[in-house]
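Here's the structure we're looking at; comments come further down.
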Amino acid sequence: MLWRSAAILVGLALVRSALAAGPPEVATSSTGSADQAVLSELPFLPGDERNRILIDLAPQGYRPFQMMVDTGATDSVLTPVYARKLGVNIRPTQDRPYRQATRLGRDLQFWVDVRSSDTGSKTGFEYGLLGGTFLREYVVELDFLRRRVRFLDPERYQVPAKLENENEAAIPIRVVGNRPYLEISVGQNNLLVLLDTGMPVPAVLSGAAMEKVGLHTTSLAGLRIGSVVGPVEVEFSEAESLRLGPFELTHVPLLAAPKGWYNIAGSTDSVVGYDILAQFIVRIDYLAPATLASAQNRRRNHVRWGILRTTASRRCVDLRAVSRSGRGCAVSRFTGRSSRPTPR
């Protein structure tokens with residue numbers, strides 16, 4: 001699901017002091033087969049906005065086909081201007097997806113959003129979202145440290161239910177409408193949230209979710225974020241402890257949407273976004289991990305798994321949020337305090 005900051009800057013950039021001395025060692029997965037299952041490895045491309053995963057899906061020799069990896073989007077969607085830029089002949093009355101060849105050998109089926117106009121987007125922001133209908137066919141690896149996306153063959157690699165390496169954890173996810181949901185813990189309360197790479201900030205919780213986990217907010221005048229369906233008023237908050245499986249993040253800056261946001265983020269209307277996910281290597285197995293029989297059979301299993309692997313020697317990351325009053329700007333800093341997570 002694509003989100004944009006609007007009216008003011010919501011800059012939650014992470015400063016990773018641990019990287020100054022060079023890339024940390026990353027443990028090898030206990031399955032040991034991910035490297036042999038790689039179908040395609042695509043680098044993050046530079047973009048106009050921070051905290052976006054942009055990749056070029058074009059086959060060799062074709063014009064660039066830049067898309068933003070958005071695990072919060074059910075389908076792949078292009079705005080009209082961007083679609084025309086790619087050479088798509090837009091037909092306003094078309095009732096089936098458009099198709100475009102990709103370097104993975106599988107056509108991308110996508111829609112062009114002409115609901116408000118066939119000449120421009122509703123928000124004025126032109127984009128192409130790579131959503132769940134394409135991503136679900138693979139085990140998707142997001143490596144923020146190496147700035148790459150790897151598409152793994154789900155018949156040759158599945159995220160195991162258990163991992164032996166202490167820097168890894170397999171976390172069960174639910175895939176609903178081609179979108180992955182996982183359970184996080186905020187303080188002593190559990191919350192099912194959407195795993196959304198289209199969200200550039202650490203997390204956004206709905207008003208109801210904030211009440212459930214007992215967090216309070218600070219109102220900053222004019223603080224809004226934009227979504228594909230319209231602007232959303234938000235307030236600033238901080239979670240002293242946020243857990244994903246065995247990994248704990250402390251003093252996590254987040255945003256709260258007291259009035260919700262159009263019920264487009266699942267049952268809790270809450271998401272974890274780029275800044276939290278960037279602390280890990282993330283593999284999302286959209287299919288069930290238990291059987292190797294066939295993709296068709298695996299889809300009948302309701303349990304899926306995602307993997308988180310730390311990209312530094314520490315497993316507990318301390319994020320400190322600083323609110324600059326009067327400027328409406330939130331900044332987070334990676335302080336690199338070494339600690340071990342407390343088992344749940």
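Checking each residue of region 36-47 against the condition of being surrounded by 12 or more Cβ atoms within 10 Å (Cβ to Cβ), modelled with pLDDT of 90 or more, part of a helix (DSSP H, G or I) and of a type in the set (A, V, I, L, M) gives at least one match.
Would it be correct to say that residue 157 is part of a loop (DSSP other than H, G, I, E, B), in contact with a strand residue (DSSP E or B) (Cβ under 6 Å, 6 or more places away or on another chain) and hydroxyl-bearing (Ser, Thr, Tyr)?
Values: part of a loop (DSSP other than H, G, I, E, B): yes; in contact with a strand residue (DSSP E or B) (Cβ under 6 Å, 6 or more places away or on another chain): yes; hydroxyl-bearing (Ser, Thr, Tyr): yes.
Against the criterion (part of a loop (DSSP other than H, G, I, E, B), in contact with a strand residue (DSSP E or B) (Cβ under 6 Å, 6 or more places away or on another chain) and hydroxyl-bearing (Ser, Thr, Tyr)), residue 157 qualifies.
What do you reckon, is residue 235 touching a Pro at 6+ places or on another chain (Cβ under 7 Å) and free of Cβ contacts under 8 Å to residues at least 60 places away in the same chain? Walk me through it before giving the result.
Values: touching a Pro at 6+ places or on another chain (Cβ under 7 Å): yes; free of Cβ contacts under 8 Å to residues at least 60 places away in the same chain: yes.
Yes: the conditions hold for residue 235.
Within region 49-96, the set of residues being modelled with pLDDT of 90 or more, in a loop (DSSP other than H, G, I, E, B) and open to solvent by 40 Å² or more (accessible area, probe 1.4 Å) comprises 60, 61, 62, 63, 64, 74, 75, 96. Anything in region 138-180 that is open to solvent by less than 40 Å² (accessible area, probe 1.4 Å) and acidic (Asp, Glu)? List them, or say none. If the condition is that a residue be open to solvent by less than 40 Å² (accessible area, probe 1.4 Å) and acidic (Asp, Glu), then 141, 143, 153, 168 are the ones that fit.
Pairs are defined by a Cβ separation below 6 Å, a sequence spacing of at least 6 or placement on different chains, a first member in region 189-202 that is open to solvent by 10 Å² or more (accessible area, probe 1.4 Å), and a second member that is among the aromatic types (Phe, Trp, Tyr); the pairs so defined are 192/181; 200/274.
The values are calculated or read from the model by the stated rules, or taken from the named source; none is laboratory data. These figures come from a predicted structure and were not determined experimentally. Heads up, the Cβs are rebuilt from the backbone with ideal geometry, glycines too, and the neighbour counts pull from every protein chain shown. Accessible surface is based on the protein model in full, side chains and every heavy atom, while ligands, DNA and RNA are left aside. Shrake-Rupley method; radii C 1.70, N 1.55, O 1.52, S 1.80 Å.
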